[in-house]
Amino acid sequence: MTRAGEPSTDPRRRVPRTDVLLAHPQLEAAAKRVGRAAVKAALSRAQQLVREGQLAPDQVAEHALGSLPESASSLRAVINATGVIVHTNLGRAPLSPAAMTAVATAAGSTDVELDLETGRRGRRGRGALDALAEAVPLAEAVGVVNNNAAALLLCALALAAGREIIISRGELVEIGDGFRIPELLASAGARVREVGATNRVARADYLDALGPDTAFVLKVHPSNFVVSGFTRSVPADQLAGLGVPLVVDIGSGLLQPHPLLPDEPDAAGALRGGADLVTASADKLLGGPQAGLLLGRADLVERLRRHPAARAMRVDKLTLAGLEASLRGGPTPVQLALAAPVDSLLARAERLAQSLSATGIDARAVPSRAGVGGGGAPGVNLPSAAVSLPENFAAALRAGRPPVVGHVEAGRCLLDLRAVPAEVDSVLADAVRAAHERVNGGSKVQEPGPQ
């Protein structure tokens with residue numbers, strides 16, 4: 001028992017009061033950032049450590065601050081060192097500075113559907129639609145929905161409900177997470193008329209399938225796989241003029257031809273070849289936010305726009321702002337990553353490896369191969385450069401702040417630099433040094449086993 005006048009040895013009496021801690025300026029600021037409940041929970045955990053004798057009372061605020069997330073969202077910014085430029089698991093295309101600024105501006109009240117000059121209702125998304133039309137002048141009209149699958153579904157709903165859509169068997173692709181093109185079309189009430197074989201199809205197959213119930217011919221770019229060997233497909237321009245609309249799903253969102261991707265279809269080329277409607281994704285090679293693009297004949301785009309389902313597929317103001325800025329602003333991160341000279345990537349890898357090696361880390365600069373990803377340009381390998389580290393760095397880097405996602409190859413963790421902006425190199429180096437401390441600090445970090 002503690003005598004009168006002696007300091008208490010009971011750790012519970014030394015725990016700082018919650019109301020006093022919440023008045024701490026940094027914790028008050030944190031409450032505005034991540035919410036009061038999260039701050040109180042962090043303080044409660046820190047106070048318990050004091051009761052257990054694992055933390056000094058004057059360290060509670062600092063410990064709580066250090067355990068808080070960076071934002072109220074569970075999503076975390078990561079460094080993409082996978083060598084996959086458009087990585088679906090990492091949110092596909094990172095937005096450009098111009099697009100991020102536009103999204104932040106649109107986050108408040110904005111004139112998304114108001115004509116400020118007249119004070120009356122304005123055309124929703126007019127800026128984004130005008131920018132898209134300017135980027136592809138061959139399109140008579142354009143539209144935007146919430147993703148490319150929605151764009152294709154809207155085509156089926158508005159043009160083919162109760163009727164047939166002709167498509168090659170080799171283009172009945174699975175687009176990810178178990179979703180398949182034929183099931184998507186069938187959900188709209190359309191009937192899928194398959195033509196040709198898995199590996200070969202001829203123009204005559206399409207002609208033989210045409211009939212009074214044909215709503216349109218659909219050409220789908222197999223953007224996430226390659227079929228080689230004894231194969232044949234029919235170019236889109238040979239399917240034009242068959243007496244029914246030709247809808248071409250180019251997938252990756254390339255609006256104009258790209259010199260590094262000569263086999264990747266683009267919207268302008270498809271329209272030039274006779275496509276009546278083109279659908280595409282905005283968050284792949286275009287480098288914008290998630291959206292589905294519709295480009296083509298004015299009468300068809302208007303039919304799609306006026307269909308009741310179009311309202312359910314409408315994009316929000318943040319998407320419209322990000323899309324317009326991606327089209328009008330400076331180069332997107334995807335464009336910069338594609339254009340990065342391999343010599344500069346190798347030089348960066350060598351500087352990073354040298355700097356890390358100087359602190360005792362087994363780091364080497366090595367040549368590597370990168371890819372477009374996101375269902376774009378399958379089979380195209382882009383020469384790149386990476387920093388090679390011991391394999392056990394992979395999990396430790398993912399656990400860092402910020403997380404770094406690389407890939408493991410031949411027993412080494414490779415950090416490919418093609419999708420890493422040069423201005424992030426110092427942050428990447430610090431993350432590797434922090435991972436080195438974790439790996440060598442006694443806490444064993446392991447890669448997950450096969451699922």
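Each reported figure results from applying straightforward, stated rules to the coordinates on display, with no laboratory input. Since this is a predicted model, take the numbers as computed values, not measurements. Neighbour counts are summed over all protein chains in view; Cβ atoms, including those assigned to glycine, are modelled from backbone coordinates with ideal geometry.
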Report task. Would you give the gap between the C-alpha center of the range 120-151 and the C-alpha center of the range 410-430, rounded to a whole Å? Result -> 36
**Report entry** Interchain or long-range residues, amide H under 5 Å from Ser252's placed H
**Finding:** Ser281
Query raised in the report: Roughly speaking, what is the centre-to-centre gap between the range 243-284 and the range 296-330 when only Cα atoms are used, to the nearest Å?
Result: 17
Query raised in the report: Could you put Cys155, Cys413 in order, starting from the residue whose Cβ has the fewest other Cβ atoms within 10 Å?
Result: Cys413, Cys155
Requested in this report: Could you give the size of the charge dipole of the range 136-224 about its Cα centre, using +1 on the Cβ of each K and R and -1 on the Cβ of each D and E, expressed in debye and rounded to the nearest 20?
Outcome: 120
Report task. Starting from the Cα-Cα distance between Arg351 and Arg45, subtract it from 0.36 nm times their residue separation and give me the gain in nm to one decimal. Result -> 106.0 nm
Query - Which listed pairs, of Lys284/Lys317; Lys40/Lys317; Lys32/Lys284, have C-alpha distances above 30 Å, in listed order - result: Lys40/Lys317; Lys32/Lys284
Requested in this report: Name the long-range amide H neighbours of Lys219: under 5 Å, sequence gap of 5 or more, or other chain; modelled H, no Pro or chain starts.
Outcome: Val247, Val248, Asp249
Query - Loop trypsin sites (Lys or Arg not before Pro), the range 32-114 (other Cβ atoms within 10 Å of the site Cβ: 15 or fewer; DSSP) - result: Arg76
Requested in this report: Please list the non-local residues whose amide H lies under 5 Å from the amide H of Glu164, H modeled 1.01 Å from N, same-chain partners needing a gap of 5 or more.
Outcome: Arg191, Thr214, Ala215
Query raised in the report: Can you give the extra length, in nm with one decimal, that the chain gains between Arg232 and Ala209 once fully stretched, where that is 0.36 nm per residue apart less the Cα-Cα distance?
Result: 6.5 nm
Report summary line: Phi-derived 3J(HN,Hα) across the range 374-391 with the Karplus relation (6.51, -1.76, 1.60, θ = phi - 60°), rounded Hz, x for Gly and Pro, is x, x, x, 6, x, x, 8, 9, 9, x, 8, 9, 9, 9, 9, 10, x, 4
Query raised in the report: Among Phe179, Phe216, which comes first, second and so on when ranked by fewest other beta-carbon atoms within 10 Å?
Result: Phe179, Phe216
Query - Charge tally in the Cβ shell below 12 Å around Gly376, where Lys, Arg are +1 and Asp, Glu are -1, Gly376 excluded - result: -2
Report summary line: Loop-resident GluC sites (Glu not before Pro) in the range 22-90 with no more than 12 other Cβ atoms inside 10 Å, DSSP not H/G/I/E/B, are Glu52, Glu70
Requested in this report: Provide the per-residue ³J(HN,Hα) series for the range 266-281, in order, calculated from phi with Karplus coefficients 6.51, -1.76, 1.60 and θ = phi - 60°, each as a whole number of Hz, with x at glycine and proline positions.
Outcome: 10, 4, 4, x, 5, 5, 5, x, x, 5, 8, 9, 10, 10, 7, 8
Report summary line: Treating only Lys and Arg (+1) and Asp and Glu (-1) as charged, each at its beta carbon, one finds that the chain has a dipole about its Cα centre, in Debye to the nearest 20, of 1120
Report summary line: Exposure-ranked with fewest Cβ neighbours within 10 Å first, Leu320, Leu116, Leu260, Leu184 stand as Leu116, Leu260, Leu184, Leu320
Query raised in the report: For the charge dipole of the chain, defined by +1 on Lys and Arg C-beta atoms and -1 on Asp and Glu C-beta atoms about the Cα centroid, which residue among Leu318, Ala188, Tyr206 has the Cα displaced farthest towards the positive pole?
Result: Leu318
Report summary line: For the range 128-142, in residue order, the Karplus 3J(HN,Hα) values (coefficients 6.51, -1.76, 1.60; θ = phi - 60°; whole Hz; Gly and Pro = x) are 5, 5, 5, 5, 5, 5, 5, 6, 10, x, 5, 7, 5, 8, 9
Query raised in the report: How many angstrom lie between the C-alpha centres of the range 174-193 and the range 64-118?
Result: 31
Query - MRE, 222 nm, helices only [DSSP H, n ≥ 4, -39500 (n - 2.57), over the chain, to nearest 500] - result: -10000 deg cm²/dmol
Query - Label zone at Ala107 (point 7 Å along Cα-to-Cβ), backbone N below 16 Å, the range 321-340 - result: 321-323
